[in-house]
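**Student:** Below is one structure. I have some questions about it.
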Amino acid sequence: MNMRNILMLVSMVISVIIGAAIAHGGHTGSSGAVPSGKVLIGLSLDTLKEARWQGDRDLFVNQCKSLGAEARVESANSDDSQQMKDVQSLLTAGVRVLVIVPHDGVAMAKAVELAHQAGVPVIAYDRLIKNSDLDLYMSFDNVKVGAMQAQYLVDHLPTPGKGSIVRIYGAPTDNNAKLFKQGQDQVLKPYIDRGDIKVIHEDWAEDWKPENAKKIMNSAITKGAAFDAVLASNDGTAGGAIQALTEANMAGKVLVTGQDAELPACQRIASGTQAMTIYKPLKSLATGAAETAVKMATGKPVIARDTTDNGKEQVPSVLFDVVVVTKDNIVDSVVKDGFHGYDEIYSAIPADKRPAKS
Ligand code: BGC
């Protein structure tokens with residue numbers, strides 16, 4: 001973040017970013033004039049293969065529309081060179097602000113540079129872009145997400161605080177995957193140091209793919225050592241792990257964690273093969289990012305209360321709260337928030353086994 005361009009009000013830990021579009025020169029060069037005409041916002045996604053990102057995209061596009069702007073979306077299919085091409089084509093199309101979910105948080109620093117050369121500010125969406133002059137980071141407290149997953153696991157082992165576990169991390173290219181692990185480590189370390197919790201197998205699921213998580217789970221099962229729980233870092237990897245457990249006739253017998261409150265994960269929680277997930281209110285993130293992008297594009301001030309170190313600088317950040325979801329509060333959290341319908345979640349559960357609707 002260029003200090004010349006950003007006015008940071010340090011009091012009460014509130015940072016105010018004044019018109020980053022103007023700050024970076026916008027499309028009119030460095031004159032400071034706000035571009036007029038249609039507000040075009042670019043959204044460059046890593047992937048649309050997981051349900052979560054389709055939800056983010058739809059909310060983002062609709063919010064842009066309702067603000068009179070237009071969102072142009074590209075998805076890179078987990079490929080860094082494709083994502084660079086996507087960024088280039090969005091810039092060529094004339095987007096005034098670029099919102100990026102990086103496949104690789106390090107590789108996408110180049111995209112920030114490219115955007116700035118075109119006078120376009122960049123918002124890193126959900127995943128941080130490292131070592132760059134990033135304008136804004138909007139996400140959740142990802143270390144806390146990891147800590148919540150691990151705390152749930154520790155508290156719900158058959159003997160709380162003691163047991164053997166398998167750990168499945170996310171994509172090594174995703175900064176969030178490292179933050180989730182960091183939060184998990186913070187909680188687990190004392191138990192592991194005392195020898196109360198034993199990690200019998202651990203690995204990173206490349207590109208967060210369920211099939212890679214399934215392979216990791218199969219390797220753990222093949223080892224033959226008993227385990228009580230699987231600390232899976234998101235719902236996709238939990239799904240892959242649960243498939244492997246199902247094939248080994250172990251589903252529902254070991255605790256499995258997750259994250260994203262995806263519909264299949266909520267259904268697994270309802271049926272008992274997954275113990276928990278983390279609900280991240282995507283509506284707040286996606287609509288917040290769309291609103292912020294449009295503000296930046298039209299030279300309006302944007303408020304960011306947090307900062308995040310991206311290796312180069314303290315990036316102004318907006319971080320939203322998350323909620324632990326278990327069978328006891330699905331209705332009060334994801335259903336109440338309209339994230340999924342009650343009937344969709346409990347479609348496979350007999351009526352007399354379902355919880356009250358509200
Ligand atoms: C997101 C998770 C998501 C994962 C895989 C992470 O960066 O924070 O919500 O499950 O990517 O797409």
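The values are calculated or read from the model by the stated rules, or taken from the named source; none is laboratory data. Everything numeric here is computed off the predicted structure, so don't read it as measured data. Using ideal geometry, Cβ is built from the backbone for each residue, glycine included, and neighbour counts are taken over all protein chains shown.
**Student:** Would you call ASP86 at pLDDT 95 or above, assigned by TED's automatic domain parsing to the domain that holds GLN259 and of a type in the set (Asp, Glu)?
**Tutor:** Numbers: at pLDDT 95 or above: yes; assigned by TED's automatic domain parsing to the domain that holds GLN259: no; of a type in the set (Asp, Glu): yes.
Spelling it out, it is not the case that ASP86 is at pLDDT 95 or above, assigned by TED's automatic domain parsing to the domain that holds GLN259 and of a type in the set (Asp, Glu).
**Student:** I'd like to verify a number: residues in region 253-276 that are more than 10 Å from the ligand (Cβ to nearest atom), touching a Lys or Arg at 6+ places or on another chain (Cβ under 9 Å) and farther than 14 Å from ALA213 by Cβ, how many?
**Tutor:** So the count comes out to 5.
**Student:** Out of all the residues in region 138-170, which are touching a residue at least 40 places away in the same chain (Cβ under 8 Å), touching a helix residue (DSSP H, G or I) at 6+ places or on another chain (Cβ under 8 Å) and assigned to a loop (DSSP other than H, G, I, E, B)?
**Tutor:** GLY170
**Student:** Does region 46-57 contain any residue that is of a type outside the set (Val, Ile, Thr) and either in a strand (DSSP E or B) or away from the ligand (no atom under 16 Å from the Cβ) (or both)? First the steps, then the outcome.
**Tutor:** Going through region 46-57, the residues of a type outside the set (Val, Ile, Thr) turn out to be 46, 48-57.
Cutting the leftovers down to either in a strand (DSSP E or B) or away from the ligand (no atom under 16 Å from the Cβ) (or both) gives us none.
The answer is no; no qualifying residue exists.
**Student:** If you don't mind, another one. Looking at ALA93, ALA118, which is the one that is among the hydrophobic types (A, V, I, L, M, F, W, C), surrounded by fewer than 17 Cβ atoms within 10 Å (Cβ to Cβ) and either more than 29 Å from TYR279 (Cα to Cα) or away from the ligand (no atom under 16 Å from the Cβ) (or both)?
**Tutor:** Details: ALA118 fails: surrounded by fewer than 17 Cβ atoms within 10 Å (Cβ to Cβ).
So the residue among ALA93, ALA118 that is among the hydrophobic types (A, V, I, L, M, F, W, C), surrounded by fewer than 17 Cβ atoms within 10 Å (Cβ to Cβ) and either more than 29 Å from TYR279 (Cα to Cα) or away from the ligand (no atom under 16 Å from the Cβ) (or both) is ALA93.
**Student:** Do we have any residue at all in region 193-208 that's within 16 Å of the ligand (Cβ to nearest atom), at pLDDT 95 or above, surrounded by fewer than 23 Cβ atoms within 10 Å (Cβ to Cβ) and closer than 25 Å to HIS340 by Cα?
**Tutor:** no
**Student:** Could you identify the single residue in ALA220, ALA226, ALA213 that is within 16 Å of the ligand (Cβ to nearest atom) and hydrophobic (A, V, I, L, M, F, W, C)? Give the derivation first.
**Tutor:** Values: ALA220 fails: within 16 Å of the ligand (Cβ to nearest atom); ALA226 fails: within 16 Å of the ligand (Cβ to nearest atom).
Exactly one residue qualifies, and that residue is ALA213.
**Student:** A further question follows. Quick check on my filter: what residues within region 121-166 are acidic (Asp, Glu), away from the ligand (no atom under 16 Å from the Cβ) and within 24 Å of the chain's Cα centre (by Cα)? It would help to see each step written out before you state the result.
**Tutor:** Applying the first criterion (acidic (Asp, Glu)) to region 121-166 yields 126, 133, 135, 141, 155.
Narrowing the set further to residues that are away from the ligand (no atom under 16 Å from the Cβ) leaves 133, 135, 155.
Selection gives ASP133, ASP135.
**Student:** Listed residues LYS300, LYS283; which is of a type outside the set (Gly, Ala, Ser), surrounded by fewer than 23 Cβ atoms within 10 Å (Cβ to Cβ) and not in a loop (DSSP other than H, G, I, E, B)?
**Tutor:** Working: LYS300 fails: not in a loop (DSSP other than H, G, I, E, B).
Answer to the check: LYS283.
**Student:** Would you confirm whether any residue within region 115-130 is polar (S, T, N, Q) and outside any strand (DSSP E or B)?
**Tutor:** Within region 115-130 (the criterion being polar (S, T, N, Q) and outside any strand (DSSP E or B)), the answer is yes, since at least one residue qualifies.
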